[in-house]
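The structure under discussion appears below in the form of structure tokens.
The values are calculated or read from the model by the stated rules, or taken from the named source; none is laboratory data. Given the structure is predicted, the values throughout are model-derived calculations rather than measurements. With ideal geometry, Cβ positions are generated from the backbone for all residues, glycine too; neighbour counts draw on all protein chains shown. Protein only, heavy atoms only, side chains kept; ligands, DNA and RNA dropped before computing areas. Shrake-Rupley method; radii C 1.70, N 1.55, O 1.52, S 1.80 Å.
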Amino acid sequence: MWTRWWLWPLVAVCTADQFLDQAERIMATTPVIDGHNDLPWRLLTKFNNQLREKGANLSTLAGTHTNIPKLRAGFVGGQFWSAYTPCDTQNKDAVRRTLEQIDVIHRMCQMYPETFLCVSSSQGIRQAFQEKKVASLIGVEGGHSIDSSLGVLRALYHLGMRYLTLTHSCNTPWADNWLVDTGEDNVQNGGLSEDFGESVVRELNRLGVIIDLAHVSVATMKAALNLSSAPVIFSHSSAFALCRHRRNVPDDVLQLVKQTGSLVMVNFYNDYVSCKMEANLSQVADHLDHIKKVAGAGAVGFGGDYDGVSRLPTGLEDVSKYPNLVAELLRRQWTEAEVRGALAYNLLRVFEAVEQASNHAQDPEEKPIEQRALDSACRTSYGYSGAPGLRLQPAALLASLTPLLLGLRLL
């Protein structure tokens, strides 16, 4: 017995290497598709989106979780890049800011064609896999980016948006965000508004845009899951049962995820993993295990939130570390099929189902949001006063007629 104790550390190291070797073998043919990366926002804040600045070279980029060598080391084969603009742009320049972030994603693909392939379909992802490039997709993070306009939504689709996060950390006039569940924000719609909010969901389904429920309230989660004709995703959220943070997904919603064939792509942010400042890779794997247990192996994916968070688990410090997490899942006796599903095939299944449910021959949603639902401080009102079926409310009508009536001395 005493002659053998020293062998155990060597056995443990060899076993760990075995799982890592197996992970890399799997990922060589099934690279990870990650649901959310905020590198475009970092390019804005560090370089004002000037990609030709020396420090902005993505092959040598420092001080970020993401660069080209790290993506290669992490076997990243698909990435939803976030076209994000903060909530303080709502009712101001949100659309312009969103367009600029979409533009920088396209320019990444143009500047580094040997690494990135901008795609807008599930088939495009498969093509990128074959070419050993990073399939680069656009996710617009926050419904405020469409400025309560179905026309803007459709325009963003034509520019390549393939998921829309219905809210960020603020309500829109038509959907409630997660801060409603903490009491830090007021209930505005009780989930989705019955008129415009539901129209947004139907239009996303018609176009073939994935609905993303990260950041929304539980009521919005349930409303969208029940209304959508296609599966949805949570692009970067974890399991509420393990960390009781309202950005995470509760078990009753995970049951709806299972029933609808939807997907939860686990966030690596420490605050959503452990509800503490510190976390580790094993705890992230616990979230993957829990979602698998409640919603099924087909409901699990990766949504690291790299370059969008300030604290990451030990062992998952940047995008090069995905193989470590896959090795941990293999150590926990996930099957190779389950691992390949979490890496890529679950997302591809959802995306294909969204594409199949789309119907561009169907008439688009047309009815605009009611004018009274909008913050009018920085808006014109073209279209509202004269559009058929749209009428000013009595108080607004009286206010608009008051100058005329005063001029005629009728008041």
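The fraction of all Cα pairs in segment 39-155 landing in successive 5 Å bins from 0 to the largest distance is 2, 12, 20, 23, 18, 14, 9, 3, 0, given as whole percents. Expressed as a whole percentage, what fraction of the accessible surface of the chain belongs to carbon and sulfur atoms when a 1.4 Å probe is rolled over the protein heavy atoms? Roughly 53 percent, rounded to a whole number. Paramagnetic label reach from D251 (point 7 Å along Cα→Cβ; backbone nitrogen cut-off under 20 Å): within segment 284-318, residues 284-301. In angstrom, the C-alpha Rg and Dmax of segment 213-320 are 13.0, 39. Amide H contacts of H36: F80, G304, D305, each under 5 Å away and 5 or more positions distant or on a separate chain (H built 1.01 Å from N in the peptide plane; Pro and chain starts excluded).
Amide H contacts under 5 Å for C118: S136, restricted to partners 5 or more places along the chain or on a different chain, H placed in the peptide plane at 1.01 Å from N. For segment 203-269, with equal point scatterers placed on the C-alpha atoms only and solvent neglected, what are the log10 I(q)/I(0) values from the Debye formula at q = 0.14, 0.18, 0.19 1/Å, to two decimals? Reported log10 I(q)/I(0), two decimals: -0.36, -0.59, -0.65. Converting phi to 3J(HN,Hα) with the Karplus coefficients 6.51, -1.76 and 1.60 and the offset θ = phi - 60°, segment 79-87 yields 9, 7, 7, 7, 8, 10, 9, x, 5 Hz in sequence order, with x at every glycine or proline.
Distance between the C-alpha centres of segment 88-165 and segment 197-272: 20 Å, rounded to the whole angstrom. If you take every DSSP beta bridge fully contained in the chain, what fraction is antiparallel? Give it as a percent rounded to 5. In the chain, DSSP labels about 10 percent of beta bridges as antiparallel.
Summing Cβ point charges (Lys, Arg +1; Asp, Glu -1) relative to the Cα centre of segment 165-222 gives a dipole of roughly 220 debye.
Estimated at 0.36 nm per residue, the fully extended path between E24 and A73 surpasses their Cα-Cα distance by 16.7 nm.
The alpha carbon radius of gyration of segment 80-223, expressed as a multiple of 2.2 N^0.38 Å, is 1.08. Diffusion coefficient (Stokes-Einstein, Kirkwood radius over C-alpha pairs, 4 °C, 1.567 mPa s) for segment 65-130: 96 µm²/s, rounded to a whole number.
Here the Karplus relation 6.51 cos²θ - 1.76 cosθ + 1.60, evaluated at θ = phi - 60°, turns the backbone of segment 256-261 into coupling constants of 5, 4, 5, 5, 9, x Hz, with x for every Gly and Pro. Tell me, rounded to the nearest percent, the portion of alpha carbon pairs in the chain spaced more than 31 Å apart. Beyond 31 Å sits 39 percent of the P(r) for the chain. Once the chain from K367 to T314 is taken as fully extended at 0.36 nm per residue, the excess over their C-alpha distance is 14.2 nm. Computed from backbone phi with θ = phi - 60° and the Karplus coefficients 6.51, -1.76 and 1.60, the 3J(HN,Hα) list for segment 200-209 is 4, 4, 5, 6, 4, 4, 4, 6, x, 9 Hz; x is used for glycine and proline. Calculate, in whole percent, how much of the Cα-Cα pair population of segment 25-64 lies beyond 15 Å. Summing the P(r) of segment 25-64 above 15 Å gives 52 percent of all pairs. A simple charge model with +1 on the Cβ of Lys and Arg, -1 on the Cβ of Asp and Glu and nothing else charged puts the dipole of segment 258-332 at about 380 debye relative to its Cα centre. Extension gain for the segment D88 to K293, taken as residue separation times 0.36 nm less the Cα-Cα distance, is 70.0 nm to one decimal. Compute the label zone of H360 within segment 206-229: residues whose backbone N is under 17 Å from the point 7 Å along Cα-to-Cβ. Under cut-off, by backbone N: 206-210. Placing pseudo-labels 7 Å out from each Cα toward the beta carbon at R332 and S282 gives an inter-label distance of 1.2 nm.
Translational diffusion coefficient of segment 258-395 at 10 °C, 1.306 mPa s, Stokes-Einstein with Kirkwood Rh over Cα pairs, in µm²/s as a whole number. My calculation gives 86 µm²/s for D. Cross-link pairs exceeding 21 Å in C-alpha to C-alpha distance, out of K46/K133; K222/K258; K70/K276; K132/K258; K54/K132, comprise K46/K133; K70/K276; K132/K258; K54/K132. Farthest toward the positive end of the dipole of segment 140-247, out of S169, V200, L159, is the Cα of L159, where the dipole comes from beta carbon charges about the Cα centre.
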